[in-house]
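Encoded as structure tokens, the structure appears first; notes follow it.
The values are calculated or read from the model by the stated rules, or taken from the named source; none is laboratory data. As the structure is a prediction and not an experimental result, all values here were calculated from the model. No Cβ is skipped: glycine too gets one built from the backbone with ideal geometry, and neighbour counts run over all protein chains shown. SASA here: full protein model, heavy atoms, side chains in, ligands and nucleic acids out. Shrake-Rupley method; radii C 1.70, N 1.55, O 1.52, S 1.80 Å.
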Amino acid sequence: MSHATQANINASAVRPMASGRVFNFSAGPATMPLEVIEQLQTDLLDMRGGGAGILEISHRGELFEKILQESEDAFRKVGNISQDYAVLFLPAGATQQFGMLPLNFLADGASADYPDTGVWTSKAIADGKEVGKINEIWKGADFGYRRTPRAGELKTTPGSTYLHYCSNNTVWGTRWVAPPQPAAGAWLARDASSDIYAEPLDLKGCSFLYASGQKNLGPSGMTIIVIRRDLLKPPVRKLPSMLRYDEHAKAESRLNTPPTFGMHAVGVMCQWILRQGGLVEMQRRAKTRSDLVLAAIRESNGFWKANAEPESQSFVNILFHAANPKHEALFFKEAANAGLAALAGHKATGGMRASMYNAMPVEGARVLAEVLRDFARRNG
Ligand SMILES: *Cc1c(COP(=O)(O)O)cnc(C)c1O
């Protein structure tokens, strides 16, 4: 339901978008650019004049072959991804990778390092432990998940196979300032589900990256994998084909009937990013949005409180609380009336979370900042 048309309560902040759409702060599935949705709407009815929509054409046909190639090309172009890496579009979300990664690479008797920096890494650790030995080399819970490890704090395990980390912790709103350094001989695996393409991509030292679609790239139910080609070998144990990266790569992401709509949507989204000016521009916007909201929180003199310590503050997910929890219900109501939707925090954290991925207009952050300031002034 759109709240944007209910123009009352706070006249200064009521600014519905002309489209009738709300400023949607959902953590995922998240808002998409109107232009992208309109393109997809067209493609649903008729994919490039063929008389059939994107949902209706064969994943083996010539047209889809071309669409998939375009999606991969656009994705590679945005991230400047070299041919040293394969790009795979896999069914199921990032959560599937929590099991698939160790199943393929963590041999019996070997171990892998997993710093726990939030809800998603806790789940990755739990699933990893179903497969093999996981060294929990950082316990973010000891720090209230308010920051990630500082340089020199992380003790990696000699002989470990890989180090898995989550570069942006969607739920707690923290990020790594620099990637961790795995143990000598170990490689780095990154869950980039919520910060992929929010800034220029640095794959240096990273052998395996994965990101689910629904935050910055397109629909849920699929995951993009960027994997160094030298990792595309038969897995360390016998596995069914759908759980093997090497088999997915060999079949060019069409081992079965894949999520064709999502594969196309990622391409349309990446073309949009390129038209906007690429990742330098995406980073500039993310910084502008987060600066706007964080300034309003900071200048409220403790009325609002950000969860993350400033050094670890995510640019795309801002978790904050009201010093007086009683204010939160009223805030959600007023925010909704101002056309600001989906600001509730995750069930693990409570409070408010503003998720502002690439498709969030800077104007959305400006309106949120204004509502935060106005609310604090009236209720403080
Ligand atoms: C959303 C998210 C996931 C889970 O993605 P699913 O598609 O729901 O499996 C994993 N990791 C991070 C960092 C996320 O933000």
* Can you tell me what the convex hull of the Cα atoms of the chain projects to on average, as an area in nm²? => 19.0 nm²
* Using a 1.4 angstrom probe, figure out how much accessible area the chain has per residue, in square angstrom, rounded to the nearest whole. => 42 Å²
* Compute the relative contact order of the range 39-159 as a whole-number percentage, counting only Cα pairs closer than 8 Å that sit 6 or more residues apart in sequence. => 16 percent
* **Förster-model FRET efficiency, 35 Å R0, E299 and K77, C-beta, rounded to 0.05** => 0.30
* To do: Set the Förster distance to 25 Å, then compute FRET efficiency between V177 and E363 from the Cβ-Cβ distance, nearest 0.05.
  => 0.30
* Asked: Considering only DSSP states other than H, G, I, E and B, which trypsin sites (Lys or Arg not before Pro) in the range 179-252 qualify as loop sites with at most 10 other Cβ atoms within 10 Å?
  -> K204, K238
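For the chain, what does -39500 (n - 2.57) per DSSP helix run (n ≥ 4), summed and divided by total residues, give at 222 nm, in deg cm²/dmol to the nearest 500? Don't jump to the answer; show the numbers that get you there.
On the way: 9 runs with 128 residues, N = 380.
One gets -11000 deg cm²/dmol as the mean residue ellipticity at 222 nm.
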* Asked: Tell me, how many Å apart are the Cα centres for the range 169-220 and for the range 276-317?
  -> 19 Å
* Using a 1.4 Å probe over the heavy atoms of the protein chains, calculate the carbon and sulfur portion of the accessible area of the range 98-222 as a whole percent. => 52 percent
* For N135, distant residues with modelled amide H under 5 Å away -> A112, D113, Y114
* Quick one: Karplus J couplings for the range 149-164, per residue in order, coefficients 6.51, -1.76, 1.60, θ = phi - 60°, nearest Hz, x for Gly and Pro? -> x, 8, 3, x, 7, 7, 9, 7, 9, x, x, 5, 7, 8, 10, 9
* Distance in nm between pseudo-label sites at K326 and L34 (7 Å out along the Cβ direction from Cα) -> 4.1 nm
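Tell me the relative contact order for the chain as a rounded percent, counting alpha carbon contacts under 8 Å between residues six or more apart.
On the way: 736 pairs, mean separation 93.2, N = 380.
About 25 percent, as a whole number.
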* Positive-end extreme of charge dipole, the range 28-140 - chosen from G51, P115, I67 (charges on Cβ) -> P115
